[in-house]
Every structure is written in C-alpha cells, then in structure tokens.
Amino acid sequence: MTNYDIVKKPIITEKTEILRRESNKYTFEVNKKANKIEIKKAVEALFNVKVEDIATLNIKSVTKRHGMKLYKTSAKKKAIVKLAEGNTITYFQNV
C-alpha cells in the first residue's frame, strides 16, 4: 500500500478547522484497513511533518432516505492527527 492509498483526503469542515487552529490537529479520511503506525508513517512522508498522536474512528454505514428512496452511505475511517509544535500542513497553497 502506498502513502496515497493510506491517506485518501483531508476532511475540511467547521469543526475540523477549529481543531486545526486551537490544538494543531488535522483530520483525514484513511483506508479502512490501515492501522495507526501506517497512518503515522504516511502522513510524515507525504507532508514532511512530525506526528505526535493519532486517534482513529470507524464510521459505520447508515441507511438514509430521500423521499421514497432508501440508500446506504459508505463506511469510512477517519484519523485525527496531532502534529508536533511548529509543524503545519497547508491544504491549498495558492489560494
């Protein structure tokens, strides 16, 4: 598994931006089979930062409805990564 297979994409919401500003924590959607050690190595290699701590969450699929139609959301895994003091990740460089 390559680093790009492990770390799929950043999750950018109001809540994750508050976490980023206040406690230097970044949230990513990761591969469901990846463990904390693999996630730590992938984030450090991709963004050239030092990772202090990782928390992972498994999000189950949920049945939702839109009118009369039922559908299932896909199951995901999130990782909340705390970086060492002085390290940052820039998502959008030219914005």
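The values are calculated or read from the model by the stated rules, or taken from the named source; none is laboratory data. A quick note: this is a predicted structure, and the numbers were derived from the prediction, not measured. Because the Cβ atoms are built from the backbone with ideal geometry, glycine has one as well, and the counts that use them run over all protein chains shown. Side chains are part of the model used for accessible areas, which takes the heavy atoms of the whole protein and leaves out ligands, DNA and RNA. Shrake-Rupley method; radii C 1.70, N 1.55, O 1.52, S 1.80 Å.
One residue alone among LYS82, LYS77, LYS40 is surrounded by fewer than 16 Cβ atoms within 10 Å (Cβ to Cβ), among the basic types (Lys, Arg) and modelled with pLDDT of 95 or more, and that residue is LYS82. Looking at (1) under 16 Å from the mean Cα position of the chain (by Cα); (2) open to solvent by less than 50 Å² (accessible area, probe 1.4 Å), which is the only condition GLU14 fails? Looking at each condition in turn, GLU14 falls short on (2). Contact list please: Cβ distance under 9 Å, first residue in the stretch 12-25 and touching a residue at least 60 places away in the same chain (Cβ under 8 Å), second residue surrounded by fewer than 11 Cβ atoms within 10 Å (Cβ to Cβ) and of a type in the set (S, T, N, Q), pairs at least six apart or on different chains. Matching pairs, first to second residue: ASN24/THR88. Would you tally the residues in the stretch 52-74 being under 20 Å from THR13 (Cα atoms) and open to solvent by 100 Å² or more (accessible area, probe 1.4 Å)? Result for the stretch 52-74: 2.
For beta carbons closer than 7 Å, sequence separation of 6+ or different chains, a first residue in the stretch 28-56 that is without any contact (Cβ under 8 Å) to a residue 12 or more places away in the chain and a second that is not hydroxyl-bearing (Ser, Thr, Tyr), the qualifying pairs are GLU44/LYS50; GLU44/VAL51.
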